[in-house]
Amino acid sequence: MKKLLILGSTGSIGINTLDVIRKHSEKFSVSALTINTRIDLLIPQIQEFKPELVVVVNEIAAEKLRHTDGIKCEVLSGVEGLIYNAANCDYDILLGAMVGFAGLLPTIEAVKRGKRIALANKETLVVAGELITKLSKDYNAEIIPVDSEHSAIYQCLIGEKIEEVEKLILTASGGPFLNKSKKDLDNVTIEEALSHPNWKMGNKITIDSASLMNKGLEVIEAHWLFNFPKEKIDVVIHPQSIIHSLVEFVDGSVKAQLGIPDMRLPIQYALSFPERVKNDFPKIDFRLTRELTFNKPDLNKFKCLQLAYDTLATGGTAPCILNAANEVAVDKFLKGDISFTYIPTIINKALDRIENHRSPDLETIIECDKITRRFAENLI
Ligand code: NAD
Ligand code: MG
């Protein structure tokens, strides 16, 4: 029986993870759940999965939960609670499903305890890839990707020699604006940006998918997970999201991993690895499969993807600046304060203005995130 700490249990990945656990209750159990505010969603999770401990970062929501009838588990709050929990609670696997930079500190605590990290929270690797990969080696903590593209690559690489890999090819659905002209992007609405054609996800990643920043973050994530230079990480548009990613070898042979777009599959794989476990999730029927198509991404239209590649070339804290500016810009877009095409403008300005630091330690990363947010918040 493997015990899980789920960071972000009320989000899209968190809810899918709990469904995997529900379906394999003989293999997995829940030690602790952490969330930001939504105790209305957390209460039924506590009743069903009976964690020993929960963390509600928002103090007011945490206090409300403590006064809710029938809640017997310990309730911690604040970022301190989040860190304490990751550093002390009894668990085997940390499922990182928080969104954004906020996931970094608890993930580092789990790495330092040599836990398995099932990682959905890609921002953690984007902002601190060098640090996390070093710590994970030092403390023998395996990082198994949950992101569907990286899970696909991870699966394709098994049994292969790294020096025989020519390139990694990440697939991207292209999002809701794939066929819009560059000019039309100026006027897209929040609702349009939030209607992803293939996946039902949290708001931040849905906007990132529409701007292709999500793919940019994934290029950086792939760089750190698999230790490949950016020249060997390609992106191809594949609107059907059936092929989750591919690996090309030196002899020209290509391996791919395919599946219905359902995050429970990569989540389950990250939990059960190296075993595969039977499940009742929908499967592909190739006799009914529509066409599978591929295209080049338009880097001129989707500037965020190019910016992400650029920060990988620059290195140091550049990806941290990219991420912090993007988090602020997406938030502004979702509040209706800026247009969709102003997102890369904010990121560009932050990258131009904020000083870069090589091989940053944790303090430098935290400081860089703070400074960038302050700068980006003040831009209109
Ligand atoms: P979501 O917005 O649906 O859920 C986020 C969760 O994190 C919630 O439980 C929320 O309470 C918690 N949270 C948010 N901010 C927090 C904070 N400051 N402190 C503590 N907890 C906080 O997001 P999601 O779609 O589930 O995505 C989660 C992560 O997984 C993201 O990094 C995303 O890029 C990645 N991811 C998601 C999908 C997907 O299909 N949703 C696929 C691949 C990767
Ligand atoms: Mg992905």
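Within region 87-106, the residues that satisfy the criterion of being out of contact with any strand residue (DSSP E or B) (no Cβ under 8 Å at 6 or more places or on another chain) and within 16 Å of ligand 2 (Cβ to nearest atom) are VAL99, GLY100. Restricting ALA152, ALA97, ALA120 to residues that are away from ligand 1 (no atom under 11 Å from the Cβ), within 21 Å of the chain's Cα centre (by Cα), at pLDDT 95 or above and crowded, with 24+ Cβ neighbours inside 10 Å narrows the list to ALA152. With respect to VAL55, determine if the residue is within 15 Å of the chain's Cα centre (by Cα) and within 12 Å of ligand 1 (Cβ to nearest atom). No. Kindly list the number of the only condition in (1) at pLDDT below 95; (2) more than 12 Å from ligand 2 (Cβ to nearest atom) that fails for HIS196. Here HIS196 clears every test but (2). For beta carbons closer than 7 Å, sequence separation of 6+ or different chains, a first residue in region 209-220 that is outside any helix (DSSP H, G or I) and a second that is more than 9 Å from ligand 1 (Cβ to nearest atom), the qualifying pairs are LEU212/ALA172; LEU212/GLY175; LEU212/PRO297; LEU212/PHE302; LEU212/CYS304; LEU212/LEU305.
Within region 261-275, the only residue that satisfies the criterion of being buried (at least 19 other Cβ atoms within 10 Å of the Cβ) and part of a loop (DSSP other than H, G, I, E, B) is MET263. Among the helices (runs of 4 or more DSSP H) confined wholly to region 40-142, which include 1 or more residues that are within 22 Å of PHE273 (Cα to Cα)? Here the list reads 78-88, 104-112, 122-138. For region 107-124, name all the residues that are within 16 Å of ligand 2 (Cβ to nearest atom) and among the small types (Gly, Ala, Ser). Passing the criteria: ALA118, ALA120. Scanning region 20-49 for residues that are free of Cβ contacts under 8 Å to residues at least 40 places away in the same chain, in contact with a Lys or Arg (Cβ under 7 Å, 6 or more places away or on another chain) and away from ligand 1 (no atom under 16 Å from the Cβ) turns up just one, SER29. Each residue in region 244-260 was checked for being assigned to a loop (DSSP other than H, G, I, E, B) and modelled with pLDDT of 95 or more, and 5 of them qualify. Restricting the search to helices (runs of 4 or more DSSP H) fully inside region 276-380 and requiring at least 2 residues that are small (Gly, Ala, Ser) gives 303-314, 318-334. Residues that are of a type in the set (D, E, K, R) and within 12 Å of ligand 2 (Cβ to nearest atom) were ranked within region 209-253; the one that is farthest from ALA329 (Cα to Cα) is GLU221. The single condition among (1) free of Cβ contacts under 8 Å to residues at least 24 places away in the same chain; (2) surrounded by fewer than 20 Cβ atoms within 10 Å (Cβ to Cβ) that THR206 does not meet is (2).
Condition first: within 20 Å of the chain's Cα centre (by Cα) and among the hydrophobic types (A, V, I, L, M, F, W, C). Can you find one or more residues in region 355-363 that meet it? Looking through region 355-363, at least one residue is within 20 Å of the chain's Cα centre (by Cα) and among the hydrophobic types (A, V, I, L, M, F, W, C).
Of the residues making up region 184-192, none is buried (at least 24 other Cβ atoms within 10 Å of the Cβ), touching a residue at least 12 places away in the same chain (Cβ under 8 Å), away from ligand 2 (no atom under 12 Å from the Cβ) and of a type outside the set (Gly, Ala, Ser).
The values are calculated or read from the model by the stated rules, or taken from the named source; none is laboratory data. Keep in mind that this is a model prediction, so the values were computed, not measured. Positions of Cβ are backbone-derived with ideal geometry, glycine not excepted, and every protein chain shown enters the neighbour counts.
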